[in-house]
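Trainee: So that we are looking at the same thing, I have put the structure below in structure tokens.
Readers should treat all values here as calculations from the given coordinates under stated rules, not as data from a laboratory. Treat the numbers as computed from the prediction; the structure is a model and nothing was measured.
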Amino acid sequence: MTRKLAVVVFPNFQLLDAAGPLSAFDIAGRYSPGAYETHVLAPGGGHTLSTAGAGFACEDLADAPPTGGDWDTILVSGGDATRAVREFTDIVAWLKRVAPTARRVTSVCSGAYFLAEAGLLDGRRATTHWSRTDHFARRYPKIRLDADRIFIRDGNVWTSGGITAGIDLTLALIEDDLGPEVARRTAQQLVVHQRRPGGQSQFSALVEMGGATGRFAELMDWMRANLAGALTVERLAERAAMSPRNFARAFTAETGTTPAKAVERLRLEAARTAVETSHAPIDHVAEAVGFGDPERMRRAFLRAFGQPPQSLRRAARA
């Protein structure tokens, strides 16, 4: 069975959003010959440049088959141009016409804007690049945005987070089509994790930077150095010389997540590093990073990574 894939790009698309999935599908085809037939489409066709200066020779979107029944999977790239997504009416109109009868519709990074404009995400769970989440949530209130996920599947619609998350998404699509063995071999050939450590979380770079403007960078450094302590909103607010209410509101606006979730994220990162790189007992790790109870840490790992600490340790050692 050959699955016909449409990869949709546009002027000033993000190169890796499209090149990553195309490479993964290409390699999967080596292990399952004839599995995929890929077509790169763009408005107007011809040589379509990415922001990196490289591009693809594309088929004209207007000449593509007019119904989704002709496509197994549609994948839409992201890029800076999605900031003016409503100018790309030809892509949105094509998706409205074709996507409802395609077997699968997917997006990489801010490509979710095109799916949203076409109404394909209304009422669904979805994700996009962490830097666009506030704008995306305000613009499309009917979508249940979960900005911390690497990728999300809701029925036959799949969305993924920033840039390299498109490879994670594609490996999941390949596994869905061809099974875990082909997906595993494809990941090995790409020299990436089939399921990256860090599970399904983007681990927002906004938190790492201390917010969009770096306002809380010093506080984040202090939090990392004091993970074993009680990092309550009140204590963090005192450290930031703010009232708890104002601090909680400002921190969430600046980083895109609540103080409590940021604390858990930092603890998870520290715990994951210790679990994967040391021989410290799991209960000692839980105590050192502030989880205290190893069962509490295990539940947090399952939520964030989809695996308990012991499984991540075994995988790292393997």
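Trainee: Need one number: the % of Cα-Cα pairs in the stretch 1-137 sitting beyond the 20 Å mark.
Mentor: 42 percent
Trainee: Using the 2.2 N^0.38 Å rule of thumb for compact globular proteins, work out how the stretch 216-262 stacks up: its C-alpha Rg over that value, please.
Mentor: 1.01
Trainee: Straight-line reach from Lys4: which lysines have a Cα under 26 Å away, not including same-chain ones fewer than 8 places off?
Mentor: Cross-link targets: Lys96.
Trainee: Could you derive backbone 3J(HN,Hα) for the stretch 174-190 from the dihedral phi with the Karplus parameters 6.51, -1.76 and 1.60 (θ = phi - 60°), listing whole Hz in sequence and x where the residue is Gly or Pro?
Mentor: 4, 4, 4, 7, 10, x, x, 5, 5, 4, 5, 5, 5, 4, 4, 5, 6
Trainee: Same structure again: How long, wide and thick is the stretch 82-125, going by the Cα atoms along their three principal axes, in whole angstroms, largest first?
Mentor: 27, 22, 18
Trainee: Something else about it: Per residue and in cubic angstrom, what volume does the convex hull of the Cα atoms of the chain have?
Mentor: 136 Å³
Trainee: Leu49's amide H: which non-local residues (gap 5+, or another chain) put their own amide H closer than 5 Å, with H modeled 1.01 Å from N in plane and none for Pro or chain starts?
Mentor: HN-HN under 5 Å from Leu49: Asn12.
Trainee: Another question, if that's okay. Mean residue ellipticity at 222 nm from the helices of the chain, using -39,500 (n - 2.57) per DSSP H segment of n ≥ 4 over the full residue count, to the nearest 500 deg cm²/dmol?
Mentor: Computed ellipticity for the chain at 222 nm equals -13500 deg cm²/dmol.
Trainee: Could you give the semi-axes, largest first, of the ellipsoid that matches the stretch 260-301, computed as the square roots of 5 times the alpha carbon gyration tensor eigenvalues and rounded to whole Å?
Mentor: 15, 11, 8
Trainee: In whole Hz, with x marking every Gly and Pro, tabulate ³J(HN,Hα) for the stretch 40-48 from phi via Karplus 6.51 cos²θ - 1.76 cosθ + 1.60, θ = phi - 60°.
Mentor: Here the 3J(HN,Hα) series is 9, 10, 8, x, x, x, x, 7, 10 Hz.
Trainee: Then there is this: Largest first, please: the extent of the C-alpha atoms of the stretch 40-115 along each principal axis, to the nearest Å.
Mentor: On the principal axes, the stretch 40-115 reaches 34, 23, 19 Å in Cα extent.
Trainee: For the stretch 122-173, what class follows from the C-alpha gyration tensor (a ≥ b ≥ c being the square roots of its eigenvalues): rounded when a/c is under 1.5, otherwise prolate if a/b is larger than b/c, else oblate?
Mentor: oblate
Trainee: Under the Karplus relation 6.51 cos²θ - 1.76 cosθ + 1.60, θ = phi - 60°, what is the ordered set of whole-Hz ³J(HN,Hα) values for the stretch 120-130, x standing for Gly and Pro?
Mentor: So the Karplus estimates, Gly and Pro as x, are 7, 9, 4, x, 9, 7, 7, 9, 7, 4, 4 Hz.
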